[in-house]
1. Just to be sure I understand, how many residues within the stretch 296-318 are outside any strand (DSSP E or B), modelled with pLDDT of 75 or more and crowded, with 16+ Cβ neighbours inside 10 Å?
2. Being without any contact (Cβ under 8 Å) to a residue 60 or more places away in the chain and of a type in the set (G, A, S) is the filter here, so list the residues in the stretch 395-446 that pass it.
3. Based on this model, can you work out whether A173 counts as open to solvent by less than 20 Å² (accessible area, probe 1.4 Å) and out of contact with any Phe, Trp or Tyr (no Cβ under 9 Å at 6 or more places or on another chain)?
4. Which condition breaks for G381 when tested against (1) open to solvent by less than 10 Å² (accessible area, probe 1.4 Å); (2) touching a helix residue (DSSP H, G or I) at 6+ places or on another chain (Cβ under 8 Å); (3) not charged (D, E, K, R)?
5. Looking at (1) of a type in the set (V, I, T); (2) at pLDDT 60 or above; (3) under 15 Å from the mean Cα position of the chain (by Cα), which is the one condition that is false for V291?
6. Is it the case, given these coordinates, that L423 is farther than 30 Å from V237 by Cβ, modelled with pLDDT of 85 or more and not small (G, A, S)?
7. Scanning the stretch 198-212 for residues that are within 23 Å of R131 (Cα to Cα) and at pLDDT below 90, which turns out surrounded by the most Cβ atoms within 10 Å (Cβ to Cβ)?
8. Given the criterion modelled with pLDDT under 85, open to solvent by less than 40 Å² (accessible area, probe 1.4 Å), among the hydrophobic types (A, V, I, L, M, F, W, C) and not in a loop (DSSP other than H, G, I, E, B), identify the matching residue among L321, L325.
Amino acid sequence: MTAELLSVKKKNDRNFITVECLLAFDKDEDKEKVLNLMRKFSSMFRFAYKRLLEKMERKELKKLLAQKYGINTRYSDSAIFLAQQTLDSCTQRGRNPKKLVFGSRELFEKLKKKHLTGERRKKLRQEREERRYGFLYSRGDKSKEGNLNLRLVNLDNQWHLRINLGNGEYVWAKVIRDAKRDNDKWIDFAWRLLEAEKSGEWFAYNVRLKVRNGKFYAQVSWEEKTVEPVITKAYGVMGIDINAYPFHLALAYVSTDGNLEKFERIDLREMEGKTKNQREHIAWHIARQVVERALENGKAIVVEDLQKVPKGRRGDGLAKLRRKLHKWAYRSVLEKIEVYARRMGVQLIKVNPAYTSIIGKLKYSPMLGIDKDVAGAYVIGRRGLGFEEKLPKNYRELLKDKEFLAYAIAKVDERINELKSELKKETNEYKKNALKERVKRLRGYLKFLLSYTRDSGKSEPATQQAVNREMKPMRGRAKSLQKSWRVLSVALAVLLATTCLEWCRDHSPLKRVLISGDWARVAGKGSPSLPGQGTAAQNMCSFV
C-alpha cells in the first residue's frame, strides 16, 4: 500500500506542497547502496550542525564536507541547508541548540528506561536508528531539470526516482503512488513534470528520502506559485458547462451587461475508452485550452460548484450510462481548470449549480436559438456576474393557467400507463429495471405537479397576499422561484413530445409560448381542452 502524506507549508509567505510516495528497488544490492548513502548523509548533517555552532563559514564548511565524506558538493550544500534550518528552528523556539538530540529526544528518553525489554525495546531502537541515520535530502534546482541528485523520470508511463550515489553512480527506484482522489496534488505535479520535459521550462522540487519500518519513502515538495488575478469579471466572463451526451464542454462568453457574445464547444470524446492516467493527462490539456481561451478573450471563468455527481447504481438497467459516468472525469476537469487558472492569473468563480440547466433550456435555448448545453453555460456565466433569472411574463401566466396544468398532468399520467404496458411485455430483467426507473421518475413528476396545483388552488385575499409578500424572507422567495422552474420543466416538456419528459434537446418550439403564451398551438391542439384520459386528469377536475 502507498503511504500518503499531503501537506501545504508556508515558508516566508511562500506555499510549498509536499506529497509522499513509496519506493521499490529491483535489487537488494541497490537498496543497500542507498542505505549506505543515507548513513553517510545523516553523519554529514550532524557534522555540519556542530560546525555551524562553532560559527564556521558556509563556503569553507562546504569544501570540508566534500573532502571528508567523498560526496558531491550538492549533497554537502543540502546537508548544510538542513543543519542551518534545524539550528534556526531551535533558536526560534527558545531552546538551547547545543542540547539538541538527533533522532528524536522522545525516543532517546524512552530507551533510557531500563524496564523496556524484548520486542518493545527492539522496535523503539529500530525507529530511533531510522530517524537518526535513515534520511537523505537534495534541494531542487530548475537549471538542473528540477533536481540533480534525486530526479523523477517517467519511463514507459511509470515514474522512477534516479538516485545519485554521489560518486557518479546511479540507482533507480520505482515510484509507487496511485492517485486515489481527483484533487490529489500528485496529479498536478506529475503533469507539470511532463510539460516541463516537453517545453524545457523546468521548476525546482526538493526530495527527501526516509526509511520507516524498513520501507523507503520519498517526500517531494515544490513551491505552488499563485498569481494575483489579472483577468477578472470586470470585462465579462466565460461560463462553462460539462455535458455527458454528447460528451463535451460548452463555453458561453458573456458581457458585463449579461448578454451572450459568442459560444463554442470543446469535444471530450477523446477521454472515452482511456485509462485513468491517460484521462488525467487529457484533462490537463483541456484545462489549458479553456484557460488559454479565457486569456485570449479577456474573460474570467465561471464554473458550477459541484460537490457530488450522481453515477447511478448497479441493477438500475442503465449500465451503459453508468459506465460512462464512472469514467467521466467531471470534477477532475473542473479542478484542473481551477488550478491552471490560478497559475495563469485568471479569476475563477464558482456558482450554485441549482436549476442552471432547467433555466437555460426553458428560457434562453428557445429565446436565442441555441442548444440547451450552451444555454446552461450562459446561465452559469450570468450567475457568476450576479444576475438573477426571473420568470418570463408568459411563463408566470402559464403557472396560473389551470387548464394548462391539467393538460400536463393528464399527459404524464398517460405516459406512465404506456410504460406500465411495456413493462408487462418486457422479459429482459435489465430492461425491466430501466422501465421501472422511468416509471418511478414520472410518478415523482406527477406527484409534484398534483401537489403544486392543489397548493396554487388555495387562494388568499389580495390584501393578505400583499402582506405575505412583504413578510416573505429572501430564502423563501428563492425556493418559490426554484419550485416554479421545476414545475415548468415538467409541464412544458409535454408540449414538445411525450418522450421529452425523459430526454429532449430541441426546445425551439417554446419560443411561441415565450412570446405569445399560446401553449395549445405548440401542443398541437385546436383548443386548450383537457385530453380527458387517465385517472390523474379525472382527479384533477375535482379540484381545478
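1. Residues in the stretch 296-318 being outside any strand (DSSP E or B), modelled with pLDDT of 75 or more and crowded, with 16+ Cβ neighbours inside 10 Å: 2 in total.
2. S421, G444
3. So A173 fails the test.
4. Only one criterion is unmet by G381, namely (2).
5. All conditions are met except number (3).
6. So L423 passes the test.
7. Narrowing the stretch 198-212 to residues within 23 Å of R131 (Cα to Cα): 205-212.
Remaining after also requiring at pLDDT below 90: 211-212.
Values: V211: 21, R212: 14.
Applying the filter and picking the extreme gives V211.
8. None of the others qualify; the one that does is L325.
The values are calculated or read from the model by the stated rules, or taken from the named source; none is laboratory data. Note that the coordinates shown come from a computational prediction; the quantities given were computed from them, not determined experimentally. Don't worry about glycine lacking a Cβ; one is built from the backbone with ideal geometry, like all the others, and counts go over all protein chains shown. What goes into the accessible areas is simple: the full protein's heavy atoms, side chains included, and nothing from ligands, DNA or RNA. Shrake-Rupley method; radii C 1.70, N 1.55, O 1.52, S 1.80 Å.
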